[in-house]
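First comes the structure, then the notes that go with it.
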Amino acid sequence: MSNPWMRSVLLRTSIATGLLILGAGVLLLGAATRTGAVARPVKTFHLYVNDGEWEFADGEKTYIVGYVAYNSKFEEAPPGAALPAPTIPSPEIRVRVGDEVHVFLHHNGHSHAAKDSAFANVTHTIHFHGMDLVQAYDGVPGVPAEGLPAKLLSGVPVGAVYEYKFVPEYEGSYLYHCHIDSSTHILLGMYGAFIVEGKKPNTIYGYHYDREYTLFFSEMDTAHNEAIRTRGDYEMLKWKTDYYLLNGRIFTDDLTNPRSTIADPRSVIRAKEGETVLLRLVDASFSHVTAFHPHAYHMKVIGMDGRKLDSPYWKDTIPIASGERYDVLVPIIQKRNTLCLSCGFGKGMSIAHDHNLGGMVSSGKYPRGPLTVFAVE
Amino acid sequence: MSNPWMRSVLLRTSIATGLLILGAGVLLLGAATRTGAVARPVKTFHLYVNDGEWEFADGEKTYIVGYVAYNSKFEEAPPGAALPAPTIPSPEIRVRVGDEVHVFLHHNGHSHAAKDSAFANVTHTIHFHGMDLVQAYDGVPGVPAEGLPAKLLSGVPVGAVYEYKFVPEYEGSYLYHCHIDSSTHILLGMYGAFIVEGKKPNTIYGYHYDREYTLFFSEMDTAHNEAIRTRGDYEMLKWKTDYYLLNGRIFTDDLTNPRSTIADPRSVIRAKEGETVLLRLVDASFSHVTAFHPHAYHMKVIGMDGRKLDSPYWKDTIPIASGERYDVLVPIIQKRNTLCLSCGFGKGMSIAHDHNLGGMVSSGKYPRGPLTVFAVE
Amino acid sequence: MSNPWMRSVLLRTSIATGLLILGAGVLLLGAATRTGAVARPVKTFHLYVNDGEWEFADGEKTYIVGYVAYNSKFEEAPPGAALPAPTIPSPEIRVRVGDEVHVFLHHNGHSHAAKDSAFANVTHTIHFHGMDLVQAYDGVPGVPAEGLPAKLLSGVPVGAVYEYKFVPEYEGSYLYHCHIDSSTHILLGMYGAFIVEGKKPNTIYGYHYDREYTLFFSEMDTAHNEAIRTRGDYEMLKWKTDYYLLNGRIFTDDLTNPRSTIADPRSVIRAKEGETVLLRLVDASFSHVTAFHPHAYHMKVIGMDGRKLDSPYWKDTIPIASGERYDVLVPIIQKRNTLCLSCGFGKGMSIAHDHNLGGMVSSGKYPRGPLTVFAVE
């Protein structure tokens, strides 16, 4: 792509018609800015809407919708190429401060939804939560703007593609998610972490870290998901979370379960004595406040919502509401002597979990919830 | 009023009798203090209890109770004058640090409740949340106090008036609400913002601001409200919030809806590029934690609960529990160049809303919740 | 006990067999460390598992399980001695920074559970939340550890005793609770405060205080408790809190009720003008966020989760999630003159309560919840 700024919104197929998406293509096109090339690293990501089935560690399955990447480089998929199944969360996107970021959203439809479901042809967008973007790239439909027709942004319809572009200025942890019918679309799984790295490797807000993990907390009501798949409608006042998730998974007491949090290399926190681990806590819950509690370690809270804290503080239990992010450092202190048993964990394993006990009983059973382990060598 | 400190509690009409209000008049009278005049600005507010009907933007209506002001100056109503209908929230009261504040609560009864409802003759008070007042002006009924008879303060009965008086010492954002049967009375709508301004205009905690908005978050269960209106009783364990409110309103996707948040000049945040907007976030929820998230802007948290923060911090999503207040500054950064798309929003519109997704589905439908817009010129 | 470090795990009675507890005795024994004696003060505590009935201030009773102490010195009970009934919360344990702490957990069974309840023979542990201990003393069952067989720690079975030992390094407020089937065991009442005092009396994090109170917030669903007692199983998705507790109690409007919070010397905050009161706020909720709001006073938050805050802040309403602790100072300001009514409460009584209104309606009635009083002389 020689000059990404000049790349216009592409409508690959004919746009499905309907009131909600009326004019979306043309209007979005108008938002593209024409400017000269600049000497910034360009990072391009192609995300495709896809739906499918997600299996939890208790063997239950549910309908989900997510953003998928054709490959690990987020390259554009060749015409007709098969897309990966969606995951919870959607792939983590990583950029660097000052990058010229281009994200293409390809709406490939909902092949697993019932054809007569009202959900089958809904539009989608991407909202880069915390990036503080201009409206054209903010992913919100229907916001009135002076000088522009009403329903400027009705979202990207099935078969269309839209390009989001921006230059991140603040390092830290963010998230991206759909902002069409947000409660439903987000809760179906349309979210992922968006990480802005600083200029210096293994450094955040001026602090050094040796390892980093993103822990993404979310909720699902599988009755909601099934209703959306089949009918496209759900009485949201009936919402009843039955799955509390860490990186899309629950823990179960079967330690060999391949779908458990502890079989997930993104969720098991591996480190060596003396190292410092950066945890990026991200939350996209319905209304549950996650109370993240690692055993064996206190956490130094150094930043929140993509901004450095002037006065860091220590916690062993951090409440996190939907949309919040906490960047915390965990020093893996060496066990200096055998008597000082509380001065750090040393080698071995310890657990970390939601301490809001209601969040540890997915599908009605303890300890099925966002629980994982620190594995220290 | 020549010497407000000497003004005694007035019982304008005969007091309804009953166990709860037994002796309230005499006891309250005893709490009035006789002191000499002082050279402080005197600010007097007359608040009247009134009930009525409140219509949401989805066309549904519910029974509410609130404090109303006869006019914008909060003057005493002439005898027999008609009172305005109640609003959600009740009128915002604004005073200045060092003012001698006098608030008269006139209990004018509940003309819209069923006559045989147990609610028809309940007492009311005002609790100035965060003002840290002596018990006589704290609005709490039935607190035992040494040397005083039990049931000192049973609240202000129908037909009576009571004077609250105090001198605010700390600038910031507070709230006032009834403290009789608080869960029910507050949730019916008996709350409003109470703002203490500093000595210097457009300055809070030493920070300059150009504009300010109070965003008051609350919840309602309309089945509760109707049960109170008709019977005066509700099984509170059955509470099920069906309206999540911002300044008493929900948003709907009909942008011309006159009852929507975005038709409310108190809720639409208007500003110009380069300005700084002070948002006073106030919450009186049942148990929902509001996660306030403005798109396009980070917020600098400079004070909480009427106290300056020594170490301010930045957030794009702020969790707020019932009774909390956050004073935050939003710099409306000018869009300095077209490439730096994430360096501030510039002119145009962006949204702000509760990110706890359960709070965005009032009456079971998204996006009916506390959502409003920034409109930047 | 001449050398507590050498004291091995004692199995006083034959161990009940079963998959869950397989090998627990031997494996736990292996975790004991043999070291020489050190010049540290030794503090020994014997805790016994006991179950029973708990009566709330509204006259309702529920099945609870807790840790009990034989006497106020936590001494070992003589063989055959009767144990006290369990309380909510379990006894507060107090140690000092640098103490060599030994806590013996004696699992004396569940004599009040139905014999055929699946709960009758479950194991228990102690997790010292925030102490950051090595796995052997962390109280978590079944965590895999390299070089050790699976199911290392299945918990302490009925009839067994296990010794936990550690040296607290950070002063502050902690909690201890069972970590077997945590949601159920904790919510049945298996929790208490664990206080680590600093070296200097009446000083915390370098701040002086005159009095201190521990306010422990928790929740119960009595249907859950009864199901566990009779069957040992509960569909946790049906959880519906019907009691919101402060130090195990609710408030009622009967001021002479001996089971009310205000009849509890641990919960009524007594102080004199001019003093500073330290409140240790501790929470072990299901998912309710307690919003602690004292009338009449702001609180200076000086530490959280056992760590001093570099930048303290003031609040009048503090949200607290399960597992969190807040150490706050309340200056009981003298009422310096009669005009400055908001400069402090002076002598008398004022209330303090959860401002999340849903938390004030235990058993469906206001004001039955975590409400107590400041009583200032």
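The values are calculated or read from the model by the stated rules, or taken from the named source; none is laboratory data. For clarity, every value in this text was computed on a predicted model and none was experimentally measured. FYI the Cβ positions are ideal-geometry reconstructions off the backbone, even for glycines, and counts take in every protein chain you see. The area values use the complete protein model at the heavy-atom level, side chains included, leaving out ligands, DNA and RNA. Shrake-Rupley method; radii C 1.70, N 1.55, O 1.52, S 1.80 Å.
From the residues in the range C:349-377 that are part of a strand (DSSP E or B) and more than 7 Å from chain B (Cβ to nearest Cβ), which one is farthest from the chain's Cα centre (by Cα)?
Filtering the range C:349-377 for residues part of a strand (DSSP E or B) gives C:349-354, C:371-376.
Restricting the remaining residues to those that are more than 7 Å from chain B (Cβ to nearest Cβ) gives C:352-354, C:371-372, C:374-376.
Working: C:A352: 20, C:H353: 19, C:D354: 18, C:L371: 18, C:T372: 18, C:F374: 22, C:A375: 24, C:V376: 26 Å.
Once the filter is applied, the top-ranked residue is C:V376.
If you filter the range B:61-81 down to residues that are part of a strand (DSSP E or B) and without any contact (Cβ under 8 Å) to a residue 24 or more places away in the chain, you find that the one that is nearest to B:Y174 (Cα to Cα) is B:V68. Just one of the numbered conditions (1) farther than 30 Å from A:S154 by Cβ; (2) β-branched (V, I, T); (3) within 21 Å of the chain's Cα centre (by Cα) is not true of B:T276: (3). In this structure, is C:I195 open to solvent by less than 10 Å² (accessible area, probe 1.4 Å) and within 25 Å of C:D327 (Cβ to Cβ)? Criteria met by C:I195. Entry remark, the range A:250-303: residues being more than 30 Å from A:T184 (Cβ to Cβ), out of contact with any strand residue (DSSP E or B) (no Cβ under 9 Å at 6 or more places or on another chain) and among the hydroxyl-bearing types (S, T, Y) number 1 in total.
Of all the criteria given as (1) touching a residue at least 60 places away in the same chain (Cβ under 8 Å); (2) among the β-branched types (V, I, T); (3) open to solvent by 50 Å² or more (accessible area, probe 1.4 Å), the one not satisfied by A:T256 is (1). When C:H179 is tested against the conditions (1) part of a loop (DSSP other than H, G, I, E, B); (2) in contact with a helix residue (DSSP H, G or I) (Cβ under 7 Å, 6 or more places away or on another chain); (3) modelled with pLDDT of 95 or more, the lone failure is (2).
Within the range A:181-221, the residues that satisfy the criterion of being free of Cβ contacts under 8 Å to residues at least 40 places away in the same chain and not polar (S, T, N, Q) are A:K200, A:P201. Look at the range A:117-143 and say how many of its residues are at the interface with chain B (Cβ under 7 Å from one of its Cβ atoms) and farther than 14 Å from B:P367 by Cβ. Matching residues across the range A:117-143 total 8.
Considering (1) open to solvent by less than 20 Å² (accessible area, probe 1.4 Å); (2) over 23 Å from A:S285 (Cβ atoms), the lone condition that A:N121 does not fulfil carries the number (1).
When the criteria are applied in full, C:T214 meets the requirement of being part of a strand (DSSP E or B) and open to solvent by less than 30 Å² (accessible area, probe 1.4 Å).
Residues in the range C:250-286 that are hydrophobic (A, V, I, L, M, F, W, C) and within 14 Å of chain A (Cβ to nearest Cβ): C:L281, C:V282, C:A284, C:F286. Close contacts from the range A:233-249, counting a first residue that is over 13 Å from A:I186 (Cβ atoms) and away from chain B (no Cβ under 14 Å) and a second that is of a type in the set (F, W, Y) and in a loop (DSSP other than H, G, I, E, B), with Cβ to Cβ under 8 Å and a gap of 6+ residues or different chains, come to A:Y243/A:F56; A:R249/A:F56.
Considering each of A:P41, A:P86, A:P4 in turn, give the residue that is modelled with pLDDT of 50 or more, closer than 25 Å to A:I195 by Cα and surrounded by 13 or more Cβ atoms within 10 Å (Cβ to Cβ).
Details: A:P41 fails: surrounded by 13 or more Cβ atoms within 10 Å (Cβ to Cβ); A:P4 fails: modelled with pLDDT of 50 or more.
Of the residues listed, the single one that is modelled with pLDDT of 50 or more, closer than 25 Å to A:I195 by Cα and surrounded by 13 or more Cβ atoms within 10 Å (Cβ to Cβ) is A:P86.
The set of residues from the range A:229-253 being open to solvent by 50 Å² or more (accessible area, probe 1.4 Å) and assigned to a loop (DSSP other than H, G, I, E, B) comprises A:R231, A:D233, A:E235, A:K240, A:D253. Taking the range C:294-305 as the range and being buried (at least 24 other Cβ atoms within 10 Å of the Cβ) and either among the aliphatic types (A, V, I, L, M) or outside any loop (DSSP other than H, G, I, E, B) (or both) as the test, the residues that pass are C:P294, C:A296, C:M299, C:G303, C:M304. If only residues of the range B:54-73 that are out of contact with any Leu (no Cβ under 7 Å at 6 or more places or on another chain) and hydrophobic (A, V, I, L, M, F, W, C) are counted, the one that is nearest to B:G109 (Cα to Cα) is B:W54. Here B:K347, B:K315, B:K335, B:K308 are screened, and the one residue that is surrounded by fewer than 23 Cβ atoms within 10 Å (Cβ to Cβ), at pLDDT 95 or above and not hydrophobic (A, V, I, L, M, F, W, C) is B:K308. The condition (being under 21 Å from the mean Cα position of the chain (by Cα) and in contact (Cβ under 8 Å) with a residue 40 or more places away in the chain) is satisfied by just one residue among C:D58, C:D99: C:D99.
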